[in-house]
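The values are calculated or read from the model by the stated rules, or taken from the named source; none is laboratory data. Small disclaimer: the values here were computed from a predicted structure and weren't measured. Note that each Cβ is placed from the backbone with ideal geometry, even for glycine, and that neighbours are counted across all protein chains shown.
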Amino acid sequence: MVKVAIFGAAGGIGQSLSLLVKLDQNVDELALYDVVNAPGVGQDLSHINTKAKLSSYLPENDGLAKSLENTDIVVIPAGVPRKPGMTRDDLFKINASIIRDLAEGIATYGKKDVFILVISNPVNSTVPMVAEVLKKFKVYNPKRLVGVTTLDLVRSNEFLKQMLPEDKIDSSNLFVPVIGGHSGDTIVPLFSIGCPEYYKKLSTEQRESLIHRVQYGGDEVVKAKKGMGSATLSMAYAGYRLTSSFIKTFKNEVSKEVAFIELNDQLKGAKEAKKIISEKYGGSHIDYFALPLILGKDGIEEVDYKILEQADEKEQEMIEIAVKQLEKNIVKGKNFISGIE
Ligand code: NAI
């Protein structure tokens with residue numbers, strides 16, 4: 001039995017993500033939670049003839065607690081998205097308290113071994129926030145909490161394909177690891193490792209423009225939607241990809257993904273990653289980072305730290321820049337929970 005709950009299920013990402021999860025034949029139950037319209041979205045989805053049993057909840061009548069009953073995986077796209085001219089960090093003020101309250105709900109009512117996938121921005125701060133809440137409640141397991149950065153990989157794969165149309169690349173088969181964080185300069189795509197054969201073909205200008213597009217691709221969508229929100233459909237696709245890898249762990253399947261995680265000593269490879277980030281990139285306070293990881297039945301089984309040394313010269317410079325920004329974002333998230341502002 002696998003039960004997935006989606007918090008913020010009636011939103012732009014939430015609705016499409018709920019649809020994709022409802023179509024997954026490995027899911028037995030899907031619980032939708034939102035402060036508005038969850039029952040409407042739930043009623044609609046409940047007419048689809050796939051296996052997952054639907055339930056939907058609003059905050060009243062203990063909705064949050066009920067949505068978490070026997071839930072194995074919680075995915076969180078709750079909060080507000082960007083408008084033109086806003087950075088992800090600008091969302092902090094509004095989203096921080098939403099995420100804190102939801103994390104407290106998970107800590108209070110969730111199963112101790114629930115997997116938690118955080119989509120809400122700014123991911124660089126919201127993930128440390130959730131971890132701090134779970135630590136406070138003494139229910140934290142670093143193998144089971146991730147920030148969703150999958151859209152950065154999806155974009156890297158697709159934008160590379162679009163840059164080299166004559167090569168007829170199947171972008172669904174690429175795996176460009178994107179490490180660091182999930183905002184602007186903290187997004188570091190490692191094309192030299194993910195697809196060296198194509199990357200070699202690009203001029204310096206093409207490489208720069210490709211990397212810039214991956215780092216700021218979200219702005220293209222925000223601008224095109226003219227105030228009506230940020231990426232929702234591509235994000236739902238990316239969010240589902242990571243969610244489905246977690247769902248597959250219940251069938252003892254192992255997957256390779258990239259996600260923003262705490263570099264906690266309990267994770268194989270995390271200590272090594274922290275050491276390299278500190279010694280090579282000057283990030284002595286960095287304890288969260290997006291890295292490739294192996295997902296298995298207990299969650300994160302292993303972190304690929306070697307990639308931090310395999311990056312080419314330009315990518316190494318980018319990691320150094322990312323680390324500086326990331327440190328501030330992480331501290332901001334932690335301080336919000338400890339009450340220091
Ligand atoms: P949206 O505004 O369409 O949907 C958000 C939903 O969250 C709404 O239905 C709202 O009612 C709900 N919500 C608000 N407070 C809540 C609470 N306390 N409990 C439960 N639900 C609550 O926004 P959209 O476009 O779906 O984006 C959601 C979040 O995802 C934003 O923070 C956005 O920045 C982020 N995002 C993250 C990406 C990533 O790569 N990780 C990519 C794109 C967006």
Among residues of the stretch 229-262, those that are over 15 Å from residue 1 (Cα atoms) and part of a helix (DSSP H, G or I), counted: 12
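Each row is one residue, and each column tells you yes or no for (1) in contact (Cβ under 8 Å) with a residue 24 or more places away in the chain; (2) under 18 Å from residue 187 (Cα atoms).
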position	(1), (2)
262	yes, yes
265	no, no
270	yes, no
274	no, yes
277	yes, yes
293	yes, yes
298	yes, no
302	yes, no
Some residue of the stretch 157-173 being closer than 27 Å to residue 29 by Cα and surrounded by 24 or more Cβ atoms within 10 Å (Cβ to Cβ): no
Candidate set from the stretch 43-70 (those that are crowded, with 21+ Cβ neighbours inside 10 Å and either hydroxyl-bearing (Ser, Thr, Tyr) or without any contact (Cβ under 8 Å) to a residue 24 or more places away in the chain (or both)); member that is farthest from the ligand (Cβ to nearest atom): 56
Hits in the stretch 217-272 (condition: within 16 Å of the ligand (Cβ to nearest atom), surrounded by fewer than 19 Cβ atoms within 10 Å (Cβ to Cβ) and of a type in the set (Phe, Trp, Tyr)): 237
Residues of the stretch 308-326 that turn out to be surrounded by 19 or more Cβ atoms within 10 Å (Cβ to Cβ) and either under 24 Å from residue 144 (Cβ atoms) or without any contact (Cβ under 8 Å) to a residue 60 or more places away in the chain (or both), as a count: 2
Residue 211, sole failed condition from (1) within 16 Å of the ligand (Cβ to nearest atom); (2) touching a residue at least 12 places away in the same chain (Cβ under 8 Å); (3) not aromatic (Phe, Trp, Tyr): (1)
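Going by what's in this entry, would residue 5 be described as buried (at least 23 other Cβ atoms within 10 Å of the Cβ), under 29 Å from residue 216 (Cβ atoms) and either within 14 Å of the ligand (Cβ to nearest atom) or over 19 Å from the mean Cα position of the chain (by Cα) (or both)?
No.
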Test: residue in the stretch 71-81 that is touching a residue at least 24 places away in the same chain (Cβ under 8 Å), surrounded by fewer than 22 Cβ atoms within 10 Å (Cβ to Cβ) and part of a helix (DSSP H, G or I): no
Looking only at the stretch 71-91, and only at residues there that are more than 10 Å from the ligand (Cβ to nearest atom) and closer than 22 Å to residue 136 by Cα, the one that is nearest to the chain's Cα centre (by Cα): 75
Test: residue in the stretch 17-39 that is in contact (Cβ under 8 Å) with a residue 60 or more places away in the chain and within 11 Å of the ligand (Cβ to nearest atom): yes
Cβ-Cβ under 7 Å pairs, at least 6 apart or on other chains, the stretch 91-111 side over 26 Å from residue 222 (Cβ atoms), far side modelled with pLDDT of 95 or more and within 9 Å of the ligand (Cβ to nearest atom): 105/64; 109/64
Subset of the stretch 150-199 (residues that are outside any helix (DSSP H, G or I), under 19 Å from the mean Cα position of the chain (by Cα), free of Cβ contacts under 8 Å to residues at least 40 places away in the same chain and farther than 24 Å from residue 87 by Cβ): 174
